[in-house]
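Below: the structure, in structure tokens.
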Amino acid sequence: MNLDQFCQRYKNLQAYLDWNAADVGRIVKMRPLLEPEFPGIVVDFYDAISRNRDVQGVITGGPAQVARLRETLLRWIEQLFQGCYDDEYVRRRWQVGKRHAELRLDQIYTNAALSRIRVQLVRALCAAWTGSAEELRESILSLNRLLDLDLAIIEDAYHSEYVLREKQIERLALIGKMAGGIAHELRNPLNVIESSSYLLQNNASISPAKFDEHLQRIVRQVATADRIITALSDFARLPLPEPRSLFVAALLEQALADQEIPPSVTVTSEFDRSLSICGDQPQLLIVLGNLIRNALDAMSRQGELTVRITRGDGYVSIHVKDSGPGIAHQDTLRIFDPFYSTKTRGIGLGLSISRSIVENHRGTLTLESTAPSGAEFVVRLPENGWSNK
């Protein structure tokens, strides 16, 4: 909320409390009675702070800071009785709430502090009053309304500033989490590239066939790393797919070939090689790569990976199933949310990106089975052609 909105909200609060010219007149009238007591109220206020360990902790500048704060509080009380409650007045009050949030001072202390000042002002007013009891009662009500309005705008500013700072902290934490996750995602292809490069550099007797095999591994892993980086860059604004005719079996075989599948994993496949779709090959490879990699991780890289292609109702479906422990029910509710991950070092973007890609292809990505029978993800894509035009 910006300052103009704060000022308008203050006016709305004044109207809600029936604040009017009579209240202003009473406040201005009581100033001469209370002004001699202002310095004593300030002294009492900071004496109380000196006895409160929690509040005292935010004052780190010693006596010099306390002296400045006393002057600030004195001006604040004087302005309270000036009789002009315009946008500039609201701005000064807004700064008080903002400053409290910057100091990380809990707002409950502001509430308590204003209560202490309120008590001192009312006591001083009662002691100095020479008019009727009815006039005193109305004056105290006006004073309370004014203090409550001040407290409301200070709390509003404090809350807005506090929320803003918390969001900044959350964003920094998210960046840290993403950085760790990105490092983890890129480390897999980089490790393969490193091992193959080392072998090519240090094995003089390597056969031409092995040389070509490791060279292709490097090429594939460079492409995998590039897709990861591109996917992360495009997450905020995923580009529309550029569809062309694709044989689904060939697409799935390439996705399997791009992954380093350990010997301890058995791959079972059921392909109808005649089935085709219209789709963006690089984007769909991201989807299938994410699903296959998740399946391998879920099985701790040992077990059975089942990939199937089926057809029905005008859609071609790609099934990726693992033999792991499945996904807990509480995780299934958020498994496609951005930055939600069940992996210790995951960034939680894989399934979210994958679902966005599939939906941009006019298809669906769903979780079909959960614990304890392993997880099966199904990508359903239209069999008939389509375009973005």
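The values are calculated or read from the model by the stated rules, or taken from the named source; none is laboratory data. Fair warning: this is a prediction, and the values are worked out from it, not measured in the lab. Every residue, glycine as well, gets a Cβ built from its backbone with ideal geometry; the counts of neighbours run over all protein chains shown.
Within the set 292, 286, 229, the sole residue that is at pLDDT 90 or above and among the β-branched types (Val, Ile, Thr) turns out to be 292.
Is it true that residue 240 is touching a residue at least 60 places away in the same chain (Cβ under 8 Å), under 24 Å from residue 336 (Cα atoms) and loosely packed, with under 15 Cβ neighbours inside 10 Å? Against the criterion (touching a residue at least 60 places away in the same chain (Cβ under 8 Å), under 24 Å from residue 336 (Cα atoms) and loosely packed, with under 15 Cβ neighbours inside 10 Å), residue 240 qualifies.
May I ask you to list the residues in region 12-24 that are in a helix (DSSP H, G or I) and under 12 Å from residue 152 (Cβ atoms)? Within region 12-24, 12, 13, 14, 16 meet the criteria.
Scanning region 203-224 for residues that are out of contact with any Pro (no Cβ under 6 Å at 6 or more places or on another chain) and of a type in the set (Val, Ile, Thr) returns 206, 218, 219, 222. The set of residues in region 242-270 being of a type in the set (A, V, I, L, M, F, W, C) and closer than 23 Å to residue 324 by Cβ consists of 252, 255, 256, 257, 261, 265, 267. Of the residues making up region 95-144, those that are surrounded by 16 or more Cβ atoms within 10 Å (Cβ to Cβ), more than 24 Å from residue 25 (Cα to Cα) and over 29 Å from the mean Cα position of the chain (by Cα) number 1. Among the residues of region 345-382, what is the count of those that are modelled with pLDDT of 85 or more and among the acidic types (Asp, Glu)? Looking only at that region, the number is 2. Scoring residue 82 on the criteria (1) assigned to a loop (DSSP other than H, G, I, E, B); (2) buried (at least 16 other Cβ atoms within 10 Å of the Cβ); (3) at pLDDT 90 or above leaves a single failure, condition (2).
If I filter region 20-29 for residues that are at pLDDT below 80, over 33 Å from the mean Cα position of the chain (by Cα) and surrounded by 15 or more Cβ atoms within 10 Å (Cβ to Cβ), do I get at least one hit? No, because not a single residue in region 20-29 is at pLDDT below 80, over 33 Å from the mean Cα position of the chain (by Cα) and surrounded by 15 or more Cβ atoms within 10 Å (Cβ to Cβ).
Right, residue 227: over 16 Å from residue 317 (Cα atoms), among the basic types (Lys, Arg) and touching a Leu at 6+ places or on another chain (Cβ under 9 Å) or not? Taking the combined requirement at face value, the residue satisfies it. When region 262-277 is filtered for residues that are surrounded by 15 or more Cβ atoms within 10 Å (Cβ to Cβ) and either among the aromatic types (Phe, Trp, Tyr) or under 14 Å from residue 297 (Cα atoms) (or both), the ones remaining, listed by number, are 265, 271.
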